[in-house]
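The values are calculated or read from the model by the stated rules, or taken from the named source; none is laboratory data. The shown structure was predicted, so the numbers you read here are calculated from the model rather than taken from an experiment. No Cβ is skipped: glycine too gets one built from the backbone with ideal geometry, and neighbour counts run over all protein chains shown. All accessible areas refer to the heavy atoms of the entire protein, side chains included, with ligands and DNA or RNA removed. Shrake-Rupley method; radii C 1.70, N 1.55, O 1.52, S 1.80 Å.
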Amino acid sequence: MSRRYSKASSPGKFILLGEHAVVYGKPAVALAIDKRFRCKISPSYGNFLNGMEMDLSRHPHIRHLMLRNRVNNISIETESNIPSSSGLGSSGALSSAISAAIKDLNNEIFNKEEIAKDSFSAEYHAQGRASPLDTSCCTFGNGVALNCPAECGKRLMSIEKDGNRWDINQISVPKMTFVVGYTGIKAPTGPLVNKVRKFKEHNRFASDIIDEIGKVTLEGVSSMMKNDIEQLGRRMTEDHKLLSILGVSCNELNKLVDASLQYSYGAKLTGSGGGGSMIALTDKPDKVCEAISLRGGTPFIVNTDVEGVKLEE
Ligand code: MEV
């Protein structure tokens, strides 16, 4: 480490279709959003996070990235407008940006594929199990599709783990308007991924639901490629129903999805569920925002078409 400091940022994301099932190698799509995690990392005489001594056992993503990149004694300053544990990619963005800054501090050439591998590894170890969906979206930005037909987009890379393989494509996304509704309930991803794993191990029916999510995702992707927004919205709502059967929705999410549907093409929870956020695809964003607020959620309109990880001056 010879540099004085390195700075990087990565966007948050939402999952359009396919969460949870993607952990088992099914197709999924995520879009980067205009909310970012930023960090500045400099060599130091101990490990510090935002001016406080860092207990690495409480920061598994950072710990993993430091060990993997053989760095110690660093000071990290962070700033983010992605609410944490909200289903909007806060840990994926953190992993991706911190990986980029650590690698830069180590004088490594900026390489998104290496950052995507690094941040997936951090997410996997912190969560106990994971797919590379969030971390590849936060790294490559815009839209990414995992295990979708080759013709939808350009192949970026492939990752294998636990007997699963994910082919990761960058996709072009038609202009669409999405509203996010945040329940205000923080729901860490690890326990929900674990819940689905146990359900799958003890109930054959769970595997059928996971297969069904995969099919609905492929239909949704095909509708998106044809610019058929109405069909895409229907597939999103179907996906929400399947995720509810899997046991990862909750009353608060169902209320916000239900309230949004009267003004939307479709709506669903996004991310691991159990709280966190939902998204609605709509051409009446103000009406959807109002409906979400009336049901106690915090709405915001998100812009997509957002750049992935980058080094900052
Ligand atoms: C969490 O944002 C998405 C999940 O599918 C977990 C993962 O893909 O690692 C629930």
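Observations on the model:
- Extension gain for the segment Ile185 to Met52, taken as residue separation times 0.36 nm less the Cα-Cα distance, is 45.2 nm to one decimal.
- Around the amide H of Gly12, modelled in the peptide plane, lie the amide H atoms of Ile33, Lys35, Arg36, Phe37, all under 5 Å away and 5 or more residues distant in sequence or on another chain.
- Global form of the range 194-268, assessed from the alpha-carbon gyration tensor, a/c cut-off 1.5: oblate
- Computed packing ranks the peptides 208-219, 122-133, 37-48 as 122-133, 208-219, 37-48, most packed first, by mean other Cβ atoms within 10 Å.
- Of Lys226/Lys268; Lys195/Lys287; Lys35/Lys255; Lys186/Lys241, those spanning more than 29 Å from alpha-carbon to alpha-carbon: Lys195/Lys287
- Couplings for the range 206-216, taken from phi via the Karplus curve 6.51 cos²θ - 1.76 cosθ + 1.60 with θ = phi - 60°, read 4, 5, 5, 5, 5, 4, 5, 4, x, 5, 4 Hz in order; Gly and Pro are left as x.
- The range 218-313: projected area of the alpha-carbon convex hull, averaged over directions, in nm²: 7.6 nm²
- Length-normalised contact order for the chain - Cα pairs under 8 Å, 6+ apart - percent: 24 percent
- Cα-based reach from Lys117 at 20 Å (exclusive), listing lysines while leaving out same-chain residues under 8 positions away: Lys7, Lys13, Lys26, Lys103, Lys154, Lys161, Lys310
- Derived scalar couplings between HN and Hα for the range 76-84 equal 10, 10, 10, 8, 8, 10, 9, x, 6 Hz in order, rounded to whole Hz, by the Karplus curve 6.51 cos²θ - 1.76 cosθ + 1.60 (θ = phi - 60°), x for Gly and Pro.
- Based on C-alpha pairs under 8 angstrom that are at least 6 apart in sequence, the range 178-302 has a relative contact order of 39 percent.
- Averaging the Cα positions of each part gives two centres, and for the range 32-79 and the range 284-313 these lie 27 Å apart.
- Taking every protein chain into account, the accessible area of the chain amounts to 43 square angstrom per residue (probe 1.4 Å).
- Database remark: amide H of Met54 closer than 5 angstrom to the amide H of Asn47, Phe48, Leu49 (H placed geometrically; neighbours at sequence offset of 5 or more, or on other chains; Pro and chain starts carry no H).
- The HN-Hα couplings worked out from phi for the range 22-38 by the Karplus form 6.51 cos²θ - 1.76 cosθ + 1.60 (θ = phi - 60°) are 5, 4, 9, x, 7, x, 7, 9, 10, 10, 6, 10, 7, 9, 10, 9, 10 Hz, whole numbers, x standing for Gly and Pro.
- Full-extension gain in nm, Ile109 to Lys226, via 0.36 nm per residue minus C-alpha separation: 38.3 nm
- Ellipticity estimate at 222 nm from DSSP helix runs (n ≥ 4, -39,500 (n - 2.57)) divided over the chain, nearest 500: -12500 deg cm²/dmol
- Ordering of 15-28, 90-103 by burial proxy (mean other Cβ atoms within 10 Å per residue, highest first): 90-103, 15-28
- Counting only alpha carbon atoms, the long axis of helix 112-127 and the longest principal axis of the chain meet at about 80°.
- The alpha carbons of the range 270-313 stretch over 41, 27, 18 Å along the principal axes, in descending order.
- Peptide packing for 299-307, 5-13 was compared via the average number of neighbouring C-beta atoms within 10 Å per residue; ordered from the highest value, the list is 5-13, 299-307.
- Dmax and Rg, reported as Rg then Dmax, of the chain (C-alpha, Å): 18.7, 57
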